[in-house]
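First up is the structure itself, then whatever we jot down about it.
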C-alpha cells in the first residue's frame with residue numbers, strides 16, 4: 001500500500017471517529033440534562049450513516065478476534081448499542097415498534113461481542129436451579145395445589161436471581177464509569193498517557209459498560 005493510500009485511509013478512519021465522538025458527547029449530556037427530540041433524530045441519522053460507512057469499509061469480519069481489531073476501530077462496535085439507546089428516546093412513534101427495533105439493535109451488539117469472544121455476562125450461563133425441587137407438601141395436598149406452590153417457588157427464585165444479578169451489574173457499571181472517567185482524566189492531564197494502550201483500555205471498558213447496559 002502506498003503512503004498516499006495509507007494516509008487517505010487514516011484520514012477516513014479519523015473522520016468517522018470524529019463523527020462518533022460527536023454522538024458520544026451528546027450521550028454524556030443526556031446523563032445530566034434532557035436532550036431535545038431533534039438531537040435524538042440527528043444522532044440516529046449520524047449513527048445510521050456511520051453504520052453504512054463502516055459496513056462499506058469492511059471494518060469488521062466474522063472470523064477475527066477482539067485482539068485483532070485496531071484500537072481506533074473498537075469504538076465502532078458500539079454503533080448498534082448507541083442506536084438502541086437513542087431509539088428508546090424517540091417520541092411520537094409506536095412504542096411497541098420502537099421496543100422491537102431497540103431489541104434488534106441490542107441483540108446485534110451482544111451477538112457481535114459474543115462472536116469476538118468478549119467477556120460473557122452471567123446471563124450467558126444457564127443455572128441448573130429451576131426451582132422444581134419437591135416441597136414437604138404432605139399427603140393431603142392436592143396435585144393442583146402442589147403445582148401452584150412449585151410455580152410460586154419458581155417465580156420467587158427467578159425474581160430473586162434477576163434482582164441479584166441486576167444489583168451486581170449496576171455496581172459493575174458504576175465501577176466501569178469511574179474507571180473510564182479516570183482514564184480520560186489521566187490522559188488529559190498527562191499527554192504521555194494518551195497512548196494506544198490507554199485508549200484501548202478506555203474503549204474496552206466502554207464496550208463492557210454497554211454490554212451490561214443492554215443486558216438490563
| (1) modelled with pLDDT of 85 or more; (2) out of contact with any helix residue (DSSP H, G or I) (no Cβ under 6 Å at 6 or more places or on another chain): which one isn't true of residue 3, the others all being true? | (1)
| remark: (1) touching a helix residue (DSSP H, G or I) at 6+ places or on another chain (Cβ under 9 Å); (2) farther than 20 Å from residue 213 by Cβ; (3) modelled with pLDDT under 90 all hold for residue 20 apart from (2)
| remark: For region 31-61 the number of residues that are more than 23 Å from residue 93 (Cα to Cα) and in contact (Cβ under 8 Å) with a residue 40 or more places away in the chain is 2
| task | Give 120, 103 a once-over and let me know the one that is modelled with pLDDT under 75 and touching a helix residue (DSSP H, G or I) at 6+ places or on another chain (Cβ under 9 Å). | result | 120
| note | Filtering region 73-123 down to residues that are farther than 23 Å from residue 39 by Cα, in contact (Cβ under 8 Å) with a residue 60 or more places away in the chain and assigned to a helix (DSSP H, G or I) yields 73, 74, 110, 113, 123
| task | With the condition kept exactly as written, say whether any residue in region 23-46 is in the same structural domain as residue 80 (by TED's automatic domain parsing), at pLDDT below 85 and under 15 Å from residue 74 (Cα atoms). | result | yes
| field | Enumeration of residues in region 27-42 that are more than 17 Å from the chain's Cα centre (by Cα) and part of a helix (DSSP H, G or I) | value | 29, 37, 38, 39, 40, 41, 42
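Results for (1) closer than 26 Å to residue 23 by Cβ; (2) surrounded by 10 or more Cβ atoms within 10 Å (Cβ to Cβ); (3) in contact with a strand residue (DSSP E or B) (Cβ under 9 Å, 6 or more places away or on another chain); (4) at pLDDT below 85, shown as yes or no for each residue.
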{"residue": "54", "(1), (2), (3), (4)": "yes, yes, no, no"}
{"residue": "84", "(1), (2), (3), (4)": "yes, yes, no, no"}
{"residue": "88", "(1), (2), (3), (4)": "yes, yes, no, no"}
{"residue": "107", "(1), (2), (3), (4)": "yes, yes, no, no"}
{"residue": "129", "(1), (2), (3), (4)": "no, yes, no, yes"}
{"residue": "140", "(1), (2), (3), (4)": "no, no, no, yes"}
{"residue": "150", "(1), (2), (3), (4)": "no, yes, no, yes"}
{"residue": "157", "(1), (2), (3), (4)": "no, yes, no, yes"}
{"residue": "160", "(1), (2), (3), (4)": "no, yes, no, yes"}
| task | From (1) in contact with a helix residue (DSSP H, G or I) (Cβ under 9 Å, 6 or more places away or on another chain); (2) surrounded by fewer than 21 Cβ atoms within 10 Å (Cβ to Cβ), pick out the condition that doesn't hold for residue 78. | result | (2)
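The values are calculated or read from the model by the stated rules, or taken from the named source; none is laboratory data. From a predicted model like this one, the values you see are computed outputs, not experimental measurements. Neighbour counts are summed over all protein chains in view; Cβ atoms, including those assigned to glycine, are modelled from backbone coordinates with ideal geometry.
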